[in-house]
1. From (1) surrounded by fewer than 13 Cβ atoms within 10 Å (Cβ to Cβ); (2) in a loop (DSSP other than H, G, I, E, B), pick out the condition that doesn't hold for R78.
2. From E41, E55, which residue is more than 13 Å from the chain's Cα centre (by Cα), at pLDDT below 95 and within 22 Å of K154 (Cα to Cα)?
3. Examine region 53-67 for a residue that is of a type in the set (S, T, N, Q), surrounded by 18 or more Cβ atoms within 10 Å (Cβ to Cβ) and within 26 Å of L14 (Cα to Cα), and state whether such a residue exists.
4. Kindly state which helices (runs of 4 or more DSSP H) lie completely within region 95-179 and contain at least 3 residues that are modelled with pLDDT of 95 or more and under 14 Å from the mean Cα position of the chain (by Cα).
5. Output the number of the condition that G24 fails; it satisfies all remaining conditions of (1) surrounded by 21 or more Cβ atoms within 10 Å (Cβ to Cβ); (2) over 11 Å from the mean Cα position of the chain (by Cα); (3) assigned to a loop (DSSP other than H, G, I, E, B).
6. Which residue pairs have Cβ atoms under 9 Å apart, sit 6 or more places apart or on different chains, and have a first residue in region 87-103 that is surrounded by 21 or more Cβ atoms within 10 Å (Cβ to Cβ) and a second that is of a type in the set (D, E)?
7. Return only the number of the condition from (1) closer than 22 Å to G126 by Cα; (2) surrounded by 14 or more Cβ atoms within 10 Å (Cβ to Cβ) that E41 does not satisfy.
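The values are calculated or read from the model by the stated rules, or taken from the named source; none is laboratory data. Just so it is clear, the structure is predicted and the values come from calculations on it, not from any experiment. Positions of Cβ are backbone-derived with ideal geometry, glycine not excepted, and every protein chain shown enters the neighbour counts.
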Amino acid sequence: MKILLHSCCAPCLLAPYDSLLEEGHEVTALFHNPNIMPYREFRNRLAAFRDYAKEHTIPVMIDESYDLESLLRKYLDRGAMPRCQMCYELRLAYTASMASEKGFDAFSTTLSVSPFQNHELIQKAGESASSQYQKAFLYRDWRPHFRQAHEKAKNLNLYLQGYCGCIFSEEERYRRSEK
């Protein structure tokens, strides 16, 4: 299958990309992460993603748009929806729309490599986007590869972030370290 793989960052791309290739799929990595704050963090992750993809000849699509005010309004207007769910839905709907527009058979996400992400909400967001855009969502639980991919990223000197990307997760990271 021809798969569009939403990629949150270069380190998280490692295991999912290799795994999908091993399964025989044709994979294009998509960088679309308007949730990453601050802007400097967004640029660091984008640069690492772009450099890794270029060095390893990975086909990519990159969305460099960054509209902080619009994103913050979405967070405020989400009602009772958990913020992570809103974030997953935002990124996976975009990925599904691009998969539909560009003729991919399916889409997936590197978010499911992290043991720190809510996999139930990722699946829910993927299935919702799949239904909306009539594209198959390929869910894989790549968590068993997380530590190995993290070590590989360190060895490759890839930029490694300390939080998922949103301002809320950054706050949680610092609050945990205060305890």
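1. (1)
2. Just a single option satisfies the conditions, and that option is E41.
3. There is no residue in region 53-67 that is of a type in the set (S, T, N, Q), surrounded by 18 or more Cβ atoms within 10 Å (Cβ to Cβ) and within 26 Å of L14 (Cα to Cα).
4. 119-133
5. All conditions are met except number (1).
6. Close Cβ pairs (under 9 Å, with a partner that is of a type in the set (D, E)) amount to A99/D105.
7. Failed condition: (1).
Residues are listed down the side, and each one gets a yes or a no for (1) in a loop (DSSP other than H, G, I, E, B); (2) of a type outside the set (K, R):
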site	(1), (2)
L30	no, yes
R45	no, no
R50	no, no
Y66	yes, yes
E69	no, yes
L92	no, yes
